[in-house]
Each structure stands twice: as structure tokens, then as C-alpha cells.
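Data block below; observations after.
The values are calculated or read from the model by the stated rules, or taken from the named source; none is laboratory data. In this text the structure is predicted, and so the values were computed from the model without any measurement. Backbone-built Cβ (ideal geometry, glycine too); neighbour counts: all protein chains shown.
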Amino acid sequence: MRVEAITLRELQMPLKHFFETSFGRVSSRRILLVTAHCEGVDGWAECVAAEGPFFSYEWIDTAWAVIRGFLAPVVLNTEFKHAAESAARMDRVRGHPMAKASIENALWDAEAQKKAQPLWHLLGGTLTEINCGVSIGIQDSHEQLLEKIETELAAGYQRIKVKVKPGWDVDVLAKIRQRWPNILLSCDANSAYRPKDLDHLRQFDDFNLLMIEQPLWDDDIFYHSQLQRELKTAICLDESIRHVRDAEKAVEMGACRIINIKVGRVGGFSEAIEIHNVCRQNNVPVWCGGMLETGIGRAHNVALSTLPNFRLPGDVSASKRYWQEDIVEPEIEVSARGTIAVRDLPGRGYAIRQDLIDRLTVRQETIRTGAASA
Ligand code: OSB
Ligand code: MG
């Protein structure tokens, strides 16, 4: 398989409702799509870098620049037996996992199509139905949040995750638990707390949470290991797990009991699979995180979630929660039991809506040759 050209596209897509985390609010997404043109087959992926460097240092403009200047040049016109080989070619570039993931994952999609295999099968997936939860952002009022939870539970989602930060945490969790004593409930702090908040965080133990996601610094493992020893509730790491060594370290140090795998955050499918495997060997359950993706990123998340250690419901939810109209067909749909059935079609299994993508595109560039200092 040879990559003849790579097309980058930026799409402007308004969210149905704003999404707020401890690091800020977003109302409209700038979506970066990557297409790898591979001898008659187009592989597609979504770069999950956001509108600004807040979840991590990457954002859409750094991703675009690093792909154009440094990543595309090392994969273009190279013969690959397997998409995973592209990771080693891109290794010389330090960091920028979301940019790298978008290239590698587009190649996996192309490879699956060429082999006429579903992507989930090529990744080594075994589950045919995946379990879904939702992530609900910080709202303008407690009432608005409770209403949203009500809606998602009625839709069948198996787990509710709410975003928390100082000032939007204990009271919120108490109200949720009062109304729904038994639902699977977790919270995500996106690094909003510090070790000095220990006494405050201990109150979270009263709510029988499935986990507290990323309470401390985005790059920390050590202080999480101290915190985990003090809390009954399981810590789940998201931002801190950048590659398989972080997962090994976190497990070894007892910094968490659960790991959230986001394929963009860890640099692509091959690293995500390695993290999955290490967690499986150590009996640490994983689940698939989300980054407010369109259907292209979502389809990749669904495929990854079929690996056997994805034992907890992921943040893999229906297209219609975020988008008026999604760019894949059919849209990602969730059953009344809160599941997504995998599709037995070659590649990602969801067709590209090229007409709609063209209408939403605000910037486009095709890279054909190794340009800058490759
Ligand atoms: O930390 O999991 C997170 C969205 C943007 C950035 C970070 C996170 C999230 C979510 C949304 O929680 C998950 C989704 O895509 O539904
Ligand atoms: Mg998170």
C-alpha cells in the first residue's frame, strides 16, 4: 500500500448545544479531516485536536502545520505492508499525537478497505456490540443538568459522566444521587483539582461513583498515585496516559484503577492497542473516550471499542447528540439498550457524505510530495 497524496480539510460545524469542561466552553467545532489517497482507495480519519491548546498543547492549526511540514512527507510515496508501520516513520517527530493518529488511522481505514475487512476486525476486535455512556458538560444551572441526564437515561445510555470543577461538584453529585440512587455515574475533572483539595475530594466517596476521571494535573502520574491511596473511588486517567509507558507506570504505581483510551491522545490505533493489551494483562478495565467527534472519528472509536478489554461503557454516543447532520451515512445510532452494533462492512463501515463535507469545508489542501525538512 502506497500513499500517493494526503488531503487535509477543515470543516466548520456548530454543536447543537455548547459543551463546557473545567477548561472552557465550546459552541462550534473546527473539524480537521485527513484523507489518505492510497492507489485507488481513500482512507479517512478525523484529527481530534481542538480549537485551542486547552485539553492538550495540540490544536487544529498545530496539527495542520505538523502534518503538512513533517508527517505527510515521511509517509508519502512509501510502501507499507501494514498501516501500523507508519507510526515508526512518524516517530522522529516529537509529540503531536493527535496529528500522528489522524495519519495512521486513515491508513488503517484504507488497509481495511483494501483487504475488504471491517476496520474493527483488522484491529483485533471481538465484541460485536459496544456499550455506550454519555459525557455531559457543565451547564448554566443544576436543573438544566438534571434535565439532560433525564433525557440521556430515557434514551438508554448505560452510564452518565458529568464534568466537575471546584464550585460545580459536590452539590451537583448529591442532587444527581438523590434523584437516581443506582445509576452508573462518574465524573471528569479535566485536571481541575490539586493535592491540597484532598479533603474536598474525599466527599466524592459518598456518591458511589464508578470513577473520578483525571482529578489532578494533565501530565501527572505520581500525585495521582498518592491520591488514589487516599480515596475509595477509583481514579481513571485520561490526559496523563499519552502512550503505553505511561499506562505501565500508572498501573505499576497504582495511580488509577481504570484507563480511558482515546486513540487521538495516544497517537494512533497501534499505540491504543498496546495500551489496551497492557491494561488487559494487569486486569485494569479500559473504556473509549471521546473528543466531540463527527461520525468519522466516532466510527473509529466504535471500531476500537470492540477490543475485549473495553469492559466499561465508553463516551461513544449517537451522532445526533452533537450534530444537526453528521457527515457519515448512516449516522451513528445507539439502541434503546445503550449499545452500538458493529457493522460488517469493509473499512470504517459508515459511508462518507462527500456533498455535505464539501459544503462544510472552509479550508482544504492536498499534499503530494515531501516538502519541508523531512
Ligand atoms: O475529557 O473526556 C474528556 C470532550 C472534549 C475534551 C475532553 C473530553 C471530552 C468529553 C466528551 O468528555 C466526550 C464525547 O466526545 O462525548
Ligand atoms: Mg476526560
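Quick one: S240 ticks every box in (1) without any contact (Cβ under 8 Å) to a residue 40 or more places away in the chain; (2) under 22 Å from T21 (Cβ atoms); (3) assigned to a helix (DSSP H, G or I) except a single one, so which number is it?
(3)
Is it true that some residue in the range 236-243 is away from ligand 1 (no atom under 16 Å from the Cβ), over 17 Å from K163 (Cα atoms) and assigned by TED's automatic domain parsing to the domain that holds L198?
Yes, the conditions are met somewhere in the range 236-243.
If I6 satisfies every condition in (1) away from ligand 2 (no atom under 16 Å from the Cβ); (2) within 30 Å of E213 (Cα to Cα) but one, which is the exception?
Unmet condition: (2).
Name the residue that is farthest from the chain's Cα centre (by Cα), counting only residues in the range 7-53 that are under 22 Å from K262 (Cβ atoms) and of a type in the set (V, I, T).
It comes out as T35.
Filter the helices (runs of 4 or more DSSP H) completely within the range 26-125 down to those with at least 3 residues that are under 23 Å from I327 (Cα atoms), in contact with a strand residue (DSSP E or B) (Cβ under 8 Å, 6 or more places away or on another chain) and away from ligand 2 (no atom under 16 Å from the Cβ).
Once the helices (runs of 4 or more DSSP H) in the range 26-125 are filtered for at least 3 residues that are under 23 Å from I327 (Cα atoms), in contact with a strand residue (DSSP E or B) (Cβ under 8 Å, 6 or more places away or on another chain) and away from ligand 2 (no atom under 16 Å from the Cβ), what remains is 60-66, 97-114.
Quick check: anything in the range 15-28 within 17 Å of G267 (Cα to Cα), surrounded by fewer than 17 Cβ atoms within 10 Å (Cβ to Cβ) and at pLDDT 95 or above?
Here is the first cut: in the range 15-28, the residues within 17 Å of G267 (Cα to Cα) are none.
No; the residues of the range 15-28 include none that is within 17 Å of G267 (Cα to Cα), surrounded by fewer than 17 Cβ atoms within 10 Å (Cβ to Cβ) and at pLDDT 95 or above.
Using beta carbons and a limit of 7 Å, which pairs, at least six apart or on different chains, have the first residue in the range 192-219 and under 27 Å from R265 (Cα atoms) and the second one among the acidic types (D, E) and within 16 Å of ligand 2 (Cβ to nearest atom)?
From residues that are under 27 Å from R265 (Cα atoms), the pairs are E213/D188; E213/D238; Q214/D188; Q214/D238; Q214/E239; D218/E239.
Quick one: which residue in N190, N182 is in a loop (DSSP other than H, G, I, E, B) and surrounded by fewer than 18 Cβ atoms within 10 Å (Cβ to Cβ)?
Numbers: N190 fails: surrounded by fewer than 18 Cβ atoms within 10 Å (Cβ to Cβ).
Step by step, each of N190, N182 is checked, and only N182 is in a loop (DSSP other than H, G, I, E, B) and surrounded by fewer than 18 Cβ atoms within 10 Å (Cβ to Cβ).
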